[in-house]
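Coordinate-derived values only; no laboratory data. A quick note: this is a predicted structure, and the numbers were derived from the prediction, not measured.
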């Protein structure tokens, strides 16, 4: 499976990620309380960079190469206080790590 086989659907109310096997994860925008980039040491032949969106009772783990990830990242970067430097640090990581980009009420 390649990252581009995952698809992201954004609506006014939520973001939904569908995996190649049909499994769906979603989080409502109003419930979103954490955005992170998670890196693993699994690359380069397996997905190794993920967006982690955590809500009050739901969440999504989305490969950064998923169809629609660029648009999703642009929307997330518009959140007040979003830390773009965390995204940049994550892009240079080859280890198992988690970079917090945004937290509700963090500022």
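Structure data summary
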{"quantity": "Extension gain from residue 78 to residue 30, taking 0.36 nm per residue of separation minus the Cα-Cα distance", "calculated": "15.8 nm"}
{"quantity": "Relative contact order for the chain, counting Cα pairs under 8 Å that sit 6 or more residues apart, in percent", "calculated": "29"}
{"quantity": "Chain lengthening between residue 89 and residue 103 when straightened (0.36 nm per residue, less Cα-Cα)", "calculated": "3.3 nm"}
{"quantity": "Given (1) 62; (2) 72; (3) 55, the label whose value is percent of Cα pairs over 16 Å apart derived from this model", "calculated": "(3)"}
